[in-house]
Protein chains: 2
Amino acid sequence: MKRITLLSILVSSLGFSQTSDEEQLKAIYNQALTNSKCYAQLEYLSNSIGHRLSGSIGAEKAVKYTKQQMEESGAFDKVYLQEVMVPKWVRGEKEEAYIKIKGKKIQVPICALGGSIATSKSGVTAEIIEVQSLKELEQLGAEKIKGKIVFFNRPMNPANVEAFHSYRDAGDQRRSGAKEASKYGAVGAIVRSLNFRLDDFPHAGGTSYGDIPKEQRIPTAAISTNGAEILSKQLKQNPNLTFYFKQSCYQESDVLSFNVIGEITGTVTPENIIVVGGHLDSWDLADGSHDDGAGCVQSLEVANVFKNLSYKPKNTIRVVMFMNEENGGRGGDKYQELSLKNNENHIFAMESDSGGFTPRGFSLEADDTSFNKIQDWKTLFEPYLIHSFIKGHGGSDIQDLTSKRIVKAGLRPDSQRYFDYHHAANDKFDAVNKRELELGAATMTSLIYLIDKYGI
Amino acid sequence: MKRITLLSILVSSLGFSQTSDEEQLKAIYNQALTNSKCYAQLEYLSNSIGHRLSGSIGAEKAVKYTKQQMEESGAFDKVYLQEVMVPKWVRGEKEEAYIKIKGKKIQVPICALGGSIATSKSGVTAEIIEVQSLKELEQLGAEKIKGKIVFFNRPMNPANVEAFHSYRDAGDQRRSGAKEASKYGAVGAIVRSLNFRLDDFPHAGGTSYGDIPKEQRIPTAAISTNGAEILSKQLKQNPNLTFYFKQSCYQESDVLSFNVIGEITGTVTPENIIVVGGHLDSWDLADGSHDDGAGCVQSLEVANVFKNLSYKPKNTIRVVMFMNEENGGRGGDKYQELSLKNNENHIFAMESDSGGFTPRGFSLEADDTSFNKIQDWKTLFEPYLIHSFIKGHGGSDIQDLTSKRIVKAGLRPDSQRYFDYHHAANDKFDAVNKRELELGAATMTSLIYLIDKYGI
């Protein structure tokens with residue numbers, strides 16, 4: 001009796017039933033590690049479909065494939081597409097670049113940044129000037145910049161333990177480098193790839209010209225980290241060297257694409273919606289296996305695990321493959337637009353878009369009450385080495401989603417290797433470990449189970 | 001004043017000075033992530049030296065290289081070798097194996113297990129019988145086993161989150177399969193590789209014949225997981241199929257080798273020794289970059305970081321490259337033997353021998369007082385996502401080390417990928433991520449710093 005009383009006190013003070021939840025989480029992890037489909041689905045997305053840049057054939061195939069997977073799984077009450085017009089940017093021919101020193105050419109690997117304009121057909125040749133920041137660019141001003149190519153070469157800071165902090169800190173060069181350089185009359189912008197490692201992969205990613213008029217826009221490309229090191233070294237020896245690059249990328253008209261949605265109708269409060277997703281589109285240099293094939297198949301796995309465990313959620317669970325996260329965010333916008341229009345009530349939104357690595361926890365957008373409630377569940381996750389629940393960003397596709405009261409969560413996998421592959425030609429299936437991917441899916445499923453059971 | 005009082009209470013209750021230790025750990029992680037040598041040293045060990053099986057030329061070169069690195073670093077007061085006789089097992093020619101069905105041969109990848117005897121020159125051909133455990137072998141008995149090859153095919157259990165638990169549970173087949181099968185008159189033993197993944201790498205590792213007389217010993221090899229799946233499937237279709245394998249491994253006489261030791265003399269209590277190490281030897285199929293090149297260069301890095309931070313330890317710090325962990329443990333034994341002989345007092349021993357992956361914590365062999373003290377330091381480690389301090393094994397090379405009062409610790413890196421590479425031909429430099437390796441080194445250095453400062 002004494003033990004029961006103590007247990008009751010514990011349960012009521014923690015606000016959850018430790019034992020049955022422990023068992024349920026055990027069952028969830030067990031399912032994900034022994035009976036999941038997500039790794040095979042990722043193999044298909046990666047190796048049979050390949051890249052899924054918005055508006056591409058790959059993206060179209062991925063819509064069909066994931067819709068079919070949802071339908072065939074039997075895990076959903078409803079599967080449907082949500083129409084969304086997406087931008088279509090096309091890379092064109094493989095880019096070319098070299099450093100020119102006294103008639104000698106040193107080839108370096110580059111890739112056009114997403115959204116960039118092309119160079120002229122004969123390419124751009126100009127003196128190149130290295131800067132470490134947008135601020136340094138501003139200090140140099142038009143006098144030093146006009147007519148030149150600007151080379152943004154600030155590396156990601158290796159001292160941050162959280163790799164995403166370094167990405168955020170160095171990312172302004174890629175996102176705004178061309179826009180800012182064009183204001184001072186630069187003729188091109190070359191940006192060091194957002195990659196800690198020294199290797200030969202240029203890393204793609206979006207750039208924005210903001211409100212710069214079309215005729216003032218300048219072409220911009222990422223250079224591999226090894227290429228950046230060579231260029232910087234050569235510049236020290238010969239400050240007047242010239243750089244050549246050529247790219248033929250272009251923007252086509254917007255095309256029709258889709259968010260793919262599978263829904264499990266809630267048994268008690270179906271009007272309350274829990275959404276979980278990843279983005280189906282990817283950059284075009286590889287297969288987007290980590291970014292974000294992993295998040296898509298993990299989201300599918302949430303429903304798969306619930307089905308295998310015969311768990312009937314109280315609230316409606318919606319699994320969403322968002323389209324166009326990489327270069328527009330139109331899928332997330334459309335989802336939010338229709339949610340508002342249909343007067344929907346979302347209580348929880350989760351995104352997995354940080355790679356298919358060993359899960360470490362979640363970053364949470366929540367008021368203190370909800371945040372503390374989720375923190376209380378930490379002991380349930382510790383057997384799975386999930387320890388880190390912090391306040392932070394949920395995910396790009398859910399960031400604008402509003403509701404009466406909503407908690408958002410982003411899965412936080414181990415971040416150390418993410419930028420080895422991010423937006424680069426090596427983001428392929430063999431870079432994903434089956435167990436790490438599955439543990440992520442189990443961790444997502446577990447938090448959704450707890451939210452579904454106890455509310456926010 | 002009030003704040004100071006509160007702080008004093010906090011400090012005395014926690015038993016350490018939060019702020020200065022926070023700063024010191026920050027400096028340690030910063031050093032390791034921005035100014036470490038360990039990744040370059042691992043590249044040399046892996047790519048310029050290669051495998052380091054006890055008694056091999058690689059092992060000899062690795063002794064010279066790490067001694068030289070210690071000497072050149074200026075981080076040590078004393079660098080020396082410790083003589084140790086080690087077994088020399090040689091693989092010989094590449095092994096060959098195939099399944100024979102109605103005159104058709106299906107090749108499968110195998111490797112002789114370390115310590116195994118050779119087959120005859122013409123190989124072994126026999127019927128093969130699949131078992132899932134040593135217990136099943138016993139149940140079948142001599143009647144079913146005699147004259148056959150035994151195929152141990154129990155996979156590692158994917159349901160364990162901690163991969164080492166699955167390794168431990170499935171490992172009896174490799175360690176004792178041949179010994180046990182020989183008791184029932186088997187003519188060979190083929191063991192499923194200890195690898196969660198389905199791939200084509202056979203994984204080496206030691207086997208033991210125990211006290212089985214030489215003439216009764218039978219040859220044994222590991223088969224790749226894909227090979228095991230094929231073999232099992234074929235056996236279901238044709239229970240009488242025969243298997244062929246050939247290997248020419250042999251044991252030579254013991255040879256002289258060395259533990260490599262670097263010592264920083266303690267400034268206050270030099271008689272108290274803190275030892276940190278990894279093992280310099282590796283299996284012979286690849287470069288042993290994770291197992292255990294990583295642990296060696298991380299241990300070297302501990303001294304490097306102390307030097308760069310001008311930290312003078314109170315106790316003597318000994319960095320040891322142990323020889324022959326993989327097939328004999330003679331280096332660890334010799335270290336302990338000489339420690340006893342010299343009446344040394346070890347207060348702390350740490351080993352890193354679980355791969356160069358993102359560190360998660362430590363497994364600790366400690367009495368409750370010391371264990372709780374280390375647990376109290378957890379908040380210092382949390383900014384680096386180190387959360388997991390559990391009671392458990394320290395490491396093979398330090399397991400027999402005794403002293404008046406000693407705490408032992410094993411670095412616990414993330415375990416999910418370890419068995420993708422363990423003892424196999426893909427345990428190469430490119431399987432190690434620089435940041436993950438460095439974070440491990442920083443984590444080791446941090447705990448040693450705290451132990452050195454506060455004692456056990």
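Tabulated results
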{"item": "Computed FRET value (nearest 0.05) for B:LYS312 with B:TYR80, which takes r as the C-beta separation and R₀ as 22 Å", "result": "0.60"}
{"item": "Restricting the range A:381-415 to trypsin sites (Lys or Arg not before Pro) in coil, as DSSP defines it, with at most 10 other Cβ within 10 Å", "result": "A:LYS404"}
{"item": "Relative contact order for chain A, counting Cα pairs under 8 Å that sit 6 or more residues apart, in percent", "result": "22"}
{"item": "Centre separation in Å (Cα based) which lies between the range A:49-107 and the range A:358-426", "result": "26"}
{"item": "Rounded to 10°, Cα long-axis angle of helix B:330-341 versus longest principal axis of chain B", "result": "40"}
{"item": "Nearest-10 value in Å² for the accessible area of A:ASP199, using the 1.4 Å probe", "result": "20"}
{"item": "Mean shadow area of the range B:314-426, taken as a quarter of the surface of its Cα convex hull (nm²)", "result": "8.3"}
{"item": "Heavy-atom accessible area ranking, 1.4 Å probe, most first, across A:LYS26, A:LYS105", "result": "A:LYS26, A:LYS105"}
{"item": "Rg and Dmax [Cα atoms of chain B; Å; Rg one decimal, Dmax integer]", "result": "23.7, 90"}
{"item": "Estimated [θ] at 222 nm from DSSP helical runs (n ≥ 4, -39500 (n - 2.57)) normalised by residues in chain A, nearest 500", "result": "-11000 deg cm²/dmol"}
{"item": "For the A-to-B rotation axis, chain A residue with nearest beta carbon and its distance in angstrom", "result": "A:HIS387, 2"}
{"item": "Label point 7 Å beyond Cα along the C-beta direction, distances from B:GLN399 to other copies (nm, shortest first)", "result": "5.1"}
{"item": "Accessible surface of the range B:92-248, 1.4 Å probe, proportion on carbon and sulfur as whole %", "result": "49"}
{"item": "Calculated from backbone phi, Karplus (6.51, -1.76, 1.60) coupling profile of the range B:240-252 in Hz, x at Gly/Pro", "result": "9, 5, 10, 10, 10, 8, 9, 8, 10, 5, 7, 9, 9"}
{"item": "Teacher prompt: B:GLU252 distances to equivalent labels in other copies, 7 Å Cα→Cβ, nm", "result": "6.5"}
{"item": "At 7 Å out from Cα toward Cβ: B:SER133 inter-copy label distances (nm, ascending)", "result": "6.3"}
{"item": "Rounded accessible area per residue of the range B:92-248, 1.4 Å, Å²", "result": "44"}
{"item": "Relative contact order of the range B:92-248, pairs being alpha-carbon contacts under 8 Å that are 6 or more residues apart, as %", "result": "38"}
{"item": "Calculated Rg and Dmax of the protein assembly as shown using C-alpha coordinates, Å", "result": "29.5, 92"}
{"item": "Sites B:ASP333 and B:THR269, calculated FRET efficiency, Cβ-Cβ separation with R0 25 Å, nearest 0.05", "result": "0.40"}
{"item": "1.4 Å probe, heavy atoms, protein only - residues of the range B:395-442 losing at least 50 Å² accessible area vs chain alone", "result": "B:GLN416, B:ARG417, B:ASN433, B:ARG435"}
{"item": "Convex hull volume of the range A:92-248 per residue (C-alpha atoms, cubic angstrom)", "result": "107"}
{"item": "Global form of the range A:265-317, assessed from the alpha-carbon gyration tensor, a/c cut-off 1.5", "result": "oblate"}
{"item": "C-alpha long axis of helix A:2-14 to longest principal axis of chain A, angle in °", "result": "40"}
{"item": "Nearest 10 degrees, 0 to 90: helix B:294-308 Cα axis against chain B principal axis", "result": "10"}
{"item": "Solvent exposure, largest accessible area first (probe 1.4 Å, DNA, RNA and ligands not counted), of A:ASP281, B:ASP353, B:ASP200", "result": "B:ASP200, B:ASP353, A:ASP281"}
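The values are calculated or read from the model by the stated rules, or taken from the named source; none is laboratory data. Fair warning: this is a prediction, and the values are worked out from it, not measured in the lab. Heads up, the Cβs are rebuilt from the backbone with ideal geometry, glycines too, and the neighbour counts pull from every protein chain shown. In case anyone asks, the SASA skips ligands and DNA or RNA and just uses the protein heavy atoms, side chains included. Shrake-Rupley method; radii C 1.70, N 1.55, O 1.52, S 1.80 Å.
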